[in-house]
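Q: Would you mind keeping the following structure in view while I ask a few things?
The values are calculated or read from the model by the stated rules, or taken from the named source; none is laboratory data. In this text the structure is predicted, and so the values were computed from the model without any measurement. Note that we place each Cβ from the backbone using ideal geometry, even for glycine, and neighbour counts take in every protein chain shown.
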Amino acid sequence: MKAAVFQSLSPQQQHALVMAVLLRNALEDFHATHLTQPQMRELNRLIRYALYEAISQIEAVAGTPEGDEFLAWAVTRIPDYWEIPGRDADSTERTQA
(Lines give C-alpha, C1' and ligand atoms only; values in the text may rest on other atoms or scores of the structure.)
Protein backbone atom coordinates (compact mmCIF):
# COMPACT_ATOMS: atom_id res chain seq x y z
CA MET A 1 0.00 0.00 0.00
CA LYS A 2 1.30 3.42 -0.84
CA ALA A 3 1.89 5.79 2.11
CA ALA A 4 -0.50 8.38 0.66
CA VAL A 5 -3.32 5.84 0.52
CA PHE A 6 -2.61 4.71 4.08
CA GLN A 7 -2.57 8.31 5.31
CA SER A 8 -5.96 8.93 3.69
CA LEU A 9 -7.58 6.21 5.81
CA SER A 10 -9.32 6.72 9.12
CA PRO A 11 -7.30 5.90 12.25
CA GLN A 12 -9.50 2.83 12.76
CA GLN A 13 -8.74 1.60 9.25
CA GLN A 14 -5.03 2.25 9.73
CA HIS A 15 -4.93 0.41 13.05
CA ALA A 16 -6.86 -2.56 11.66
CA LEU A 17 -4.54 -2.87 8.68
CA VAL A 18 -1.35 -2.64 10.75
CA MET A 19 -2.67 -5.25 13.20
CA ALA A 20 -3.78 -7.47 10.30
CA VAL A 21 -0.37 -7.40 8.61
CA LEU A 22 1.36 -8.25 11.89
CA LEU A 23 -1.10 -11.07 12.48
CA ARG A 24 -0.67 -12.31 8.92
CA ASN A 25 3.10 -12.41 9.37
CA ALA A 26 2.71 -14.31 12.64
CA LEU A 27 0.52 -16.89 10.85
CA GLU A 28 2.90 -17.43 7.93
CA ASP A 29 4.40 -20.73 9.16
CA PHE A 30 0.91 -22.08 9.95
CA HIS A 31 -0.24 -20.99 6.52
CA ALA A 32 2.64 -22.76 4.78
CA THR A 33 1.84 -26.02 6.56
CA HIS A 34 -1.96 -26.03 6.83
CA LEU A 35 -3.66 -23.55 4.48
CA THR A 36 -3.81 -23.07 0.74
CA GLN A 37 -3.22 -19.63 -0.74
CA PRO A 38 -6.97 -19.07 -1.39
CA GLN A 39 -7.78 -20.12 2.20
CA MET A 40 -5.17 -17.73 3.60
CA ARG A 41 -6.45 -14.92 1.38
CA GLU A 42 -9.98 -15.43 2.78
CA LEU A 43 -8.69 -15.73 6.35
CA ASN A 44 -6.76 -12.46 5.94
CA ARG A 45 -9.89 -10.71 4.66
CA LEU A 46 -11.93 -11.99 7.63
CA ILE A 47 -9.22 -10.87 10.06
CA ARG A 48 -9.02 -7.36 8.57
CA TYR A 49 -12.76 -6.80 8.75
CA ALA A 50 -13.07 -8.29 12.24
CA LEU A 51 -10.25 -6.08 13.56
CA TYR A 52 -11.80 -2.99 11.99
CA GLU A 53 -15.20 -3.85 13.45
CA ALA A 54 -13.71 -4.44 16.91
CA ILE A 55 -11.79 -1.16 16.87
CA SER A 56 -14.84 0.74 15.62
CA GLN A 57 -17.14 -0.77 18.26
CA ILE A 58 -14.71 -0.12 21.11
CA GLU A 59 -14.13 3.48 20.05
CA ALA A 60 -17.82 4.18 19.38
CA VAL A 61 -18.90 3.26 22.89
CA ALA A 62 -15.79 4.16 24.91
CA GLY A 63 -16.66 5.89 28.18
CA THR A 64 -20.37 5.09 27.96
CA PRO A 65 -22.53 2.63 29.88
CA GLU A 66 -22.95 0.72 26.60
CA GLY A 67 -19.18 0.59 26.28
CA ASP A 68 -18.82 -0.80 29.78
CA GLU A 69 -21.42 -3.47 28.97
CA PHE A 70 -19.73 -4.32 25.68
CA LEU A 71 -16.31 -4.72 27.28
CA ALA A 72 -17.76 -6.75 30.16
CA TRP A 73 -19.43 -9.03 27.61
CA ALA A 74 -16.23 -9.33 25.54
CA VAL A 75 -14.15 -10.18 28.62
CA THR A 76 -16.48 -13.07 29.47
CA ARG A 77 -15.78 -14.51 25.99
CA ILE A 78 -11.99 -14.72 26.51
CA PRO A 79 -11.16 -18.38 27.25
CA ASP A 80 -9.21 -19.06 30.43
CA TYR A 81 -6.65 -21.10 28.48
CA TRP A 82 -5.55 -18.17 26.26
CA GLU A 83 -2.05 -16.97 26.99
CA ILE A 84 -1.74 -13.32 28.00
CA PRO A 85 0.06 -11.55 25.11
CA GLY A 86 3.43 -10.25 26.20
CA ARG A 87 3.57 -12.54 29.24
CA ASP A 88 4.12 -15.98 27.76
CA ALA A 89 7.64 -17.12 26.90
CA ASP A 90 6.91 -17.55 23.19
CA SER A 91 5.72 -13.97 22.76
CA THR A 92 8.66 -12.66 24.80
CA GLU A 93 11.09 -14.51 22.55
CA ARG A 94 9.44 -13.06 19.43
CA THR A 95 9.63 -9.50 20.73
CA GLN A 96 13.29 -9.89 21.66
CA ALA A 97 14.30 -11.42 18.32
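Q: Condition test on Ala32, is it modelled with pLDDT of 90 or more, among the small types (Gly, Ala, Ser) and either in a loop (DSSP other than H, G, I, E, B) or under 29 Å from Ala60 (Cα atoms) (or both)? Walk me through it before giving the result.
A: Values: modelled with pLDDT of 90 or more: yes; among the small types (Gly, Ala, Ser): yes; either in a loop (DSSP other than H, G, I, E, B) or under 29 Å from Ala60 (Cα atoms) (or both): no.
Answer is no for this residue.
Q: Ok, one more. Name, by its number, the condition in (1) modelled with pLDDT of 90 or more; (2) of a type in the set (A, V, I, L, M); (3) touching a Phe, Trp or Tyr at 6+ places or on another chain (Cβ under 8 Å) that does not hold for Ile58.
A: Checking Ile58 against (1) modelled with pLDDT of 90 or more; (2) of a type in the set (A, V, I, L, M); (3) touching a Phe, Trp or Tyr at 6+ places or on another chain (Cβ under 8 Å), the one that fails is (1).
Q: Could you please let me know if Ile78 is among the β-branched types (Val, Ile, Thr) and touching a residue at least 24 places away in the same chain (Cβ under 8 Å)? Write out each step before concluding.
A: Working: among the β-branched types (Val, Ile, Thr): yes; touching a residue at least 24 places away in the same chain (Cβ under 8 Å): no.
The answer is no for Ile78.
Q: Pairs only if they're at least six apart or on different chains, beta carbon under 9 angstrom, first in the stretch 1-25 and more than 17 Å from Glu53 (Cα to Cα), second surrounded by 13 or more Cβ atoms within 10 Å (Cβ to Cβ) and among the polar types (S, T, N, Q); list them, first residue then second.
A: Pairs that qualify, where the first residue is more than 17 Å from Glu53 (Cα to Cα) and the partner is surrounded by 13 or more Cβ atoms within 10 Å (Cβ to Cβ) and among the polar types (S, T, N, Q), are Phe6/Gln13; Phe6/Gln14; Gln7/Gln14; Arg24/Asn44.
Q: Could I ask something else about it? Is at least one residue of the stretch 54-61 within 10 Å of the chain's Cα centre (by Cα) and part of a helix (DSSP H, G or I)?
A: Yes: the stretch 54-61 contains one or more residues that are within 10 Å of the chain's Cα centre (by Cα) and part of a helix (DSSP H, G or I).
Q: Related question: Tell me which residues, restricted to the stretch 23-58, are under 19 Å from Pro11 (Cβ atoms) and exposed (fewer than 14 other Cβ atoms within 10 Å of the Cβ).
A: Tyr49, Ala50, Glu53
Yes/no per residue for (1) within 23 Å of Pro85 (Cα to Cα); (2) charged (D, E, K, R):
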| position | (1), (2) |
| --- | --- |
| Lys2 | no, yes |
| Ser10 | no, no |
| Val21 | yes, no |
| Arg24 | yes, yes |
| Tyr52 | yes, no |
